[in-house]
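Chemist: The following block contains the structure, expressed as C-alpha cells.
A short reminder: the numbers here are calculations on the coordinates, not readings from a lab. Since this is a predicted model, take the numbers as computed values, not measurements. In this analysis, Cβ positions are derived from the backbone assuming ideal geometry, glycine residues included, and neighbour counts consider all displayed protein chains.
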Amino acid sequence: MKDVAFFAGSLIVIGLALAAVPSPLPWRLGGGGGLLILWAYGLGRAAGRGLHPASTARLLPGHALLFLALGLVGSQAGFWAWTALPLLSLLLDLVRQRSLATVMYAILWLDIFALLHQVVALGRNMTGLPFVLWSVGIALVAILYVTNGVRRRWRKGVIR
C-alpha cells in the first residue's frame, strides 16, 4: 500500500513539474517521457515482487523536481545532463554485476550533484569568488558522498 501511495504522489509531482516548467514543449515531452518510463517501471516492480527500499525508482520525485529547477533557471546544458538520470536510475535498478552497478551509482550521483551545482549557480547568478567557493564546496560534498556510497555498496555487496 505504501508503494501505491508513493507512486500516486510521484505521478502528481511529475505532472506539476511538467506543467510548471517554462521549457520548450519538446523538452517537456522528452523529460516527461523519461520520468513516466521510470514511474511505470517502479510501479510494475512494486506491484510484482515489491520495490526494494534502496531502489533508485524511489528517486523519481527528486528527478522531477530537479527537472523543474533546471527549467526555472533556464539551464539548457543542465537539461541535457538531466536526461541521463531516469535512464541511469532504471539501469542501476536492473543491473546485477557489482562492478558495473558501482560505476553507474557513482555516475548517477555525480550527475545529480553537478545539476544541483548548476541550479544554485545559475539561480543566484554566481560569479567570481562566490562561484568558486560554491563549486569547491559542492565538489567536496559530492566526492565524499559518492566515495562513501561506493565503499559501502562495494563492501556490503549491495547492487541495488
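Chemist: Label points 7 Å out from Cα along the Cβ direction at Val141 and His52: separation in nm?
Modeler: Each label point lies 7 Å from its Cα, and together they span 2.7 nm.
Chemist: Here is a follow-up. Measure off 7 Å from each Cα along the Cα-to-Cβ vector at Val150 and Arg124, then give the distance between these two points in nanometres to one decimal.
Modeler: 2.7
Chemist: Could you list the trypsin sites (Lys or Arg not before Pro) in region 82-140 that lie in coil according to DSSP, counting only those with at most 10 other Cβ atoms within 10 Å of their Cβ?
Modeler: Arg96
Chemist: Follow-up question, since we're still on this one. Using helices alone, I'd like the mean residue ellipticity at 222 nm for the chain: each DSSP H run of four-plus residues gives -39500 (n - 2.57), total over residue count, nearest 500.
Modeler: -27500 deg cm²/dmol
Chemist: If a/c stays under 1.5 just call it rounded; otherwise compare a/b with b/c (prolate if a/b is bigger, oblate if not). Do that for region 2-156, with a ≥ b ≥ c from the square roots of the Cα gyration tensor eigenvalues.
Modeler: Judged from the Cα gyration tensor, region 2-156 comes out oblate (a/c at least 1.5, b/c at or above a/b).
Chemist: Lys and Arg at +1, Asp and Glu at -1: add these up for the other residues within a Cβ distance under 10 Å of Arg58 and post the number.
Modeler: -2
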